[in-house]
Amino acid sequence: MINIYTADGKKTHWEVGAAWPNQCVWLDMIAPTDEEIIQVQADFKVTLPHGDDISEIQVSSQLYAEGDEYVMTMPIMARADQPFDYEIGPMSFVLSPRILITLRYLNPKSISLFCEKFQQKSVDYATPAKVVVGLLDIFVDRSTEILEQVGDKIDALSQDIFNGNSTQEKDVRLDKSSHVRRILQDVGRTGDLLGKFRNVMAGSERVILFLANNAEIILGEKGVHRAKSLASDIQSLELHVDSLQQRVEFLLDATLGMISIEQNKVMQIFTVAAVTLMPPTLIAGIYGMNFHDMPELSWHFGYPLSILLILGSALLPLLYFRHKGWL
């Protein structure tokens, strides 16, 4: 599918074989077919990256210039605000003085927001340079929003781990293992999201710096200044991501520490039970030997006395442990 955006803010869905509208500044190609790719390359005299070219991890394969055209590929994230249902895929830009072509296979919210903004004509996007800067600008804004949501999630996890509330405490009493398992899953998934999002931001930063350092003629002085400002914003966000990752690691350590404490409590109970049963076991073992010359065998009150000794020897350790605060 190909959507065409013109300098006057209009959007058109293009079909293979149709004529291109006048003043076309942006072609947004969403999971295009081979026929659409061939048609665009032939009509606009460009070479679109696809297949292995898009998936290459070498910077030289993702960022390069061909004449007055600049080809850039970076990762994008879709559904980042969904509960761990995000997707990551490549997005390529082909920027020339005549047109901007984007090639992608995901539909992130940031592009949908930019398309709405483009059609509202609230900002001038009359040139391909202004469009690409506007796209990168809204990527940065959306990244900030996502990090704010992740920060709120981490705050909620911290509250759940260290404080909790009445409902959560009831859940813990009913099924502590499920509660801890859920916390570990949430912490792990949040850390995984931050790690992948860090890679997405690093890719965005490379594209922005590449534009600022190589496409001065297309961007113009204002465009270069704006691109460098966006690069600074991303660098600040990357520091924030690092800070959030440290908090996630702290929460993971804290959760594992809580698990260790609970395990120690279980072992403490087993220890108390073992120590409590040792004296009764010893008494029962002694009077269970049944030797012929044992004087207690002929005692009239021998059996009640042994029962009292067993109960007393079990009760004394329990009273001692309770006094020490183990119970």
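Every read-out reported here was derived from the displayed coordinates using simple, explicitly stated rules and does not represent laboratory data. This one's a predicted model, so the numbers in the text were calculated from it and none came from an experiment. Glycine gets a Cβ as well: all are built from the backbone with ideal geometry, and neighbour counts include every protein chain shown.
When you count, for each residue, the other Cβ atoms within 10 Å and take the mean per peptide, how do 205-215, 256-266 rank with the highest first?
Values: 205-215: 20.7, 256-266: 11.7.
Put in order of decreasing packing, that is 205-215, 256-266.
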Rounded to the nearest 20 Debye, what is the dipole magnitude of the chain about its Cα centre when Lys and Arg each give +1 and Asp and Glu each give -1 at the C-beta? 980
Could you order peptides 98-104, 182-188 by the average number of other Cβ atoms within 10 Å of their residues, highest first? 98-104, 182-188
Could you pull out every whole DSSP H run in the chain that spans at least 18 Å of Cα extent along its own axis and averages 0.0 or higher on the Kyte-Doolittle scale? 128-162, 216-286, 302-324
Given Lys45/Lys130; Lys153/Lys265; Lys109/Lys153; Lys11/Lys109; Lys121/Lys153; Lys196/Lys265, the pairs whose alpha carbons are separated by over 27 Å: Lys153/Lys265; Lys121/Lys153; Lys196/Lys265
Once R0 is set to 56 Å, what does the formula 1/(1 + (r/R0)^6) return for the Cβ-Cβ distance between Arg182 and Glu116, expressed as a FRET efficiency to the nearest 0.05? 0.95
Can you grab the distance from the C-alpha centre of the stretch 1-34 to the C-alpha centre of the stretch 97-115, Å, no decimals? 11
Residue-span extension gain [Val123 to Arg198] - 0.36 nm each, minus C-alpha spacing: 24.1 nm
Read-out P(r) over Cα pairs in 20 Å bins from 0, in percent, candidates (1) 28, 43, 17, 9, 3, 0; (2) 29, 47, 17, 6, 1; (3) 24, 35, 18, 11, 9, 3; calculated match is (3)
